[in-house]
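**Q** Mind looking over this structure? Questions follow.
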Amino acid sequence: MSTVKKDRSEHELRRIDDALVDSALSVPSSEYRAELEDNGEDTAAYVALGRAMIADAQRIAGRERMAAAKAQVVALKSRPAPRSQGSDAAARLAAFKARPESPFMMAARKGTKLSASDEDAVADALAELERLERENGEG
C-alpha cells in the first residue's frame, strides 16, 4: 500500500472513529440509563465505574503535568546562569574611573556612594560597550 493510500485510509478511520464517538456522546444519558435498566443492569454501578474512570484519568493527567513541569524545571536549572558581574563590578568601575581618556560622571546621589546595583549597572554597561567596540573593531 502506498503512503498516500495509507494516509487516506488512516484519515478515513479517524473520521469514522470520531463520528462514532460523536454519535455516542450525542445520545442523552436518560436513554442509556433506560436501556441499561431494560437489560436488568445496575445503573449505579455503571455511574460509579464512569466516575472512577474519570478520577483515574485526572490522576494520570496530573502526573503527566507534574512530570512535564519537573522536566521544565530541570531544563531551566541546567541552562548556564548569566555571568554575575557583581563580584568584579567594583574593580571594573575603579578601572573605568582611572582611565584618563574616559571622563566619568554619574548622576547626583545626594553625597552618598554608589550602591551595588549602580555598580552592577555600570559594569553591565561597560561590558556591553566592550562588546560593541570588539564588534566594530575598535577594541
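**Q** For E41, state whether it is surrounded by 10 or more Cβ atoms within 10 Å (Cβ to Cβ), at pLDDT 75 or above and assigned to a loop (DSSP other than H, G, I, E, B). Before the answer, list the steps.
**A** Details: surrounded by 10 or more Cβ atoms within 10 Å (Cβ to Cβ): yes; at pLDDT 75 or above: yes; assigned to a loop (DSSP other than H, G, I, E, B): yes.
Answer is yes for this residue.
**Q** Being part of a helix (DSSP H, G or I) and touching a Ser or Thr at 6+ places or on another chain (Cβ under 7 Å) is true for just one of L36, L13, L49. Which residue is that?
**A** So the residue among L36, L13, L49 that is part of a helix (DSSP H, G or I) and touching a Ser or Thr at 6+ places or on another chain (Cβ under 7 Å) is L36.
**Q** Also, I was wondering about something else. Of all residues in segment 113-139, how many are over 35 Å from the mean Cα position of the chain (by Cα), of a type in the set (D, E, K, R) and at pLDDT 75 or above?
**A** 1
**Q** Hey, E64 hits all of (1) over 30 Å from Y32 (Cβ atoms); (2) open to solvent by 80 Å² or more (accessible area, probe 1.4 Å); (3) at pLDDT 70 or above but one; which does it fall short on?
**A** That leaves (1) as the condition not met.
The values are calculated or read from the model by the stated rules, or taken from the named source; none is laboratory data. Just so you know, these numbers come straight off a predicted model, no measurement behind them. Using ideal geometry, Cβ is built from the backbone for each residue, glycine included, and neighbour counts are taken over all protein chains shown. Keep in mind that these areas ignore ligands, DNA and RNA; they rest on the heavy atoms of the full protein, side chains included. Shrake-Rupley method; radii C 1.70, N 1.55, O 1.52, S 1.80 Å.
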